[in-house]
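Peer 1: Take a look at the following structure, please.
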């Protein structure tokens with residue numbers, strides 16, 4: 001009978017057993033060499049005398065493992081993956097096999113099957129720039145990592161939306177997706193809408209970690225130490241007492257970057273299975289299905305059980321629409337008109353506060369597309385003019401809370417338009 005091939009360890013064991021049988025070393029010395037007990041050495045000597053070399057070779061050598069996957073099962077898995085999940089990763093395939101097909105295999109078994117059948121290639125970590133590890137924050141709500149990701153989320157199923165932006169925030173302490181919304185872009189309007197909804201649901205976070213995109217930071221070489229130069233988003237977060245941290249590299253906010261890699265893989269495929277093709281459907285799917293599943297699957301327990309979100313009081317809730325609106329300063333003209341975005345607004349004669357011409361007012365361009373004109377914390381009464389007003393020679397000096405004795409000329413806008421009957425531009 002042909003002897004089976006021995007490994008290096010088994011050959012060393014063989015030479016040691018032969019020495020003990022020859023009497024050149026004791027059983028105790030052999031036990032120390034082989035890292036086993038004296039009793040095991042005695043058993044090996046007894047087996048060697050009966051069966052020779054084969055007794056020192058592992059008994060399972062060449063036999064089929066008791067936990068080896070049945071070939072029929074493996075063929076079935078390969079067929080399922082190629083038909084339905086050809087671009088899924090091993091972990092996601094494993095989840096689908098469990099939930100949809102009730103197959104109780106380990107994730108590593110599925111990975112091995114996919115590699116063995118050339119469906120998946122193992123990814124080796126590439127050596128690159130060194131980045132030190134940063135510990136998670138200790139409490140939920142202490143730091144939110146936030147960013148937007150442009151991607152073909154609907155995989156071409158909606159020709160009108162070849163690429164949309166997913167805005168998302170992830171809690172640094174727990175890894176939970178705290179909020180996520182699909183929008184057309186990463187504009188200040190979309191970001192304002194995102195964070196106003198976030199604050200209403202979660203509260204006010206302590207800090208936000210984001211990149212230096214122009215929506216969030218004025219990237220001017222002279223603005224390094226000038227704290228007054230801030231974007232609309234910077235001004236809004238400042239009013240809410242939120243500290244902004246700007247990352248110098250994508251790796252610095254690696255948690256949100258890694259999240260988008262996961263979502264561009266998992267979320268895209270889940271929406272494909274659910275046949276989701278529009279932004280409204282996708283946002284509903286995110287809120288009701290995907291985010292609860294993701295947080296249950298990947299979130300961790302924070303070091304401290306406290307919630308660092310600040311509760312929003314009733315007074316702040318009333319101010320949120322004003323805070324999350326675009327603010328611009330404009331000057332009142334001599335005829336008490338104000339120009340903003342090629343539109344003209346006429347202040348009414350009766351105002352809640354005394355107003356002088358050439359005063360500066362604050363224009364609030366709100367998310368609902370309404371315009372508010374503010375002066376010294378009071379909102380002024382106005383109506384929109386359909387055309388640019390004509391120049392006039394005389395006008396009232398001030399606007400007050402009561403009707404003035406001043407009589408406007410015949411061509412003044414107040415004489416030409418009634419407040420309750422406004423002409424709407426086409």
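What follows draws every value from the coordinates through simple rules; no lab data is involved. Note that the coordinates shown come from a computational prediction; the quantities given were computed from them, not determined experimentally. We place every Cβ from the backbone using ideal geometry, glycine too, and count neighbours over all the protein chains shown.
Peer 1: For the chain, what's the relative contact order in percent, using C-alpha pairs closer than 8 Å and at least 6 residues apart?
Peer 2: About 11 percent, as a whole number.
Peer 1: Length gain on complete extension for the stretch residue 275 to residue 370, per 0.36 nm per residue less the alpha carbon to alpha carbon distance?
Peer 2: Full-extension gain reported as 30.6 nm.
Peer 1: Which percent of the Cα-Cα distances in segment 8-56 go past 15 Å?
Peer 2: The calculated P(r) of segment 8-56 puts 33 percent of pairs beyond 15 Å.
Peer 1: With Kirkwood's inverse mean 1/r over C-alpha pairs for Rh, give me the Rg to Rh ratio of segment 325-416, two decimals please.
Peer 2: Value, to two decimals: 0.94.
Peer 1: R0 = 41 Å: FRET efficiency of residue 193 with residue 105, Cβ-based, nearest 0.05?
Peer 2: With R0 = 41 Å, the Cβ-Cβ based efficiency is 0.40.
Peer 1: Let me ask something else. Expressed as a rounded percentage, what relative contact order does segment 325-416 have, with Cα pairs under 8 Å and six or more residues apart?
Peer 2: Here the relative contact order equals 32 percent.
Peer 1: Here's something else I'd like to know. Rounded to the nearest 0.05, what FRET efficiency do residue 354 and residue 410 have when you use their Cβ-Cβ distance and R0 = 30 Å?
Peer 2: Here the calculated transfer efficiency is 0.70.
Peer 1: Quick one: plug the Kirkwood hydrodynamic radius of the chain (C-alpha pairs) into Stokes-Einstein at 10 °C, 1.306 mPa s, and report D in µm²/s.
Peer 2: 55
Peer 1: Just how far, in whole angstrom, is segment 29-60 from segment 263-292 if you go by their alpha carbon centroids?
Peer 2: Answer, in whole Å: 60.
Peer 1: Would you mind computing, in nm to one decimal, how far apart the modelled labels at residue 342 and residue 288 are, each placed 7 Å from Cα along Cα→Cβ?
Peer 2: My value for the distance between the label points is 4.1 nm.
Peer 1: What is the gain in length, in nm to one decimal, between residue 258 and residue 5 on full extension, counting 0.36 nm per residue of separation less the C-alpha to C-alpha distance?
Peer 2: 86.4 nm
Peer 1: Report the extension gain between residue 134 and residue 37 in nm, rounded to one decimal, defined as 0.36 nm multiplied by the number of residues separating them, less their alpha carbon distance.
Peer 2: Using 0.36 nm per residue and subtracting the Cα-Cα distance, I get 30.3 nm.
Peer 1: Can you say what percent of the DSSP beta bridges in the chain, counting only those with both residues inside, are antiparallel? Round to 5.
Peer 2: Restricted to the chain, the bridges split so that about 80 percent are antiparallel.
Peer 1: Next question. Taking the 0 to 90 degree range and rounding to the nearest ten, how far is the long axis of helix 107-116 tilted relative to the main principal axis of the chain, both from C-alpha atoms?
Peer 2: In the chain, helix 107-116 runs at an angle near 80 degrees to the longest axis.
Peer 1: In whole percent, what relative contact order does segment 139-307 give with Cα contacts below 8 Å and a gap of six or more residues?
Peer 2: It comes to 31 percent, rounded to a whole number.
Peer 1: How big is the Cα convex hull of segment 71-116 in projection, averaged over all directions, in nm²?
Peer 2: Spelled out: convex hull of the Cα atoms, projected over all directions, averaged, 2.8 nm².
Peer 1: So what are segment 135-265's ellipsoid semi-axes, whole angstrom, largest first, if each one is the square root of 5 times an eigenvalue of the alpha-carbon gyration tensor?
Peer 2: 24, 19, 15
Peer 1: First measure r as the distance between the Cβ atoms of residue 84 and residue 118, then evaluate 1/(1 + (r/R0)^6) with R0 = 22 Å and state the FRET efficiency to the nearest 0.05.
Peer 2: 0.80
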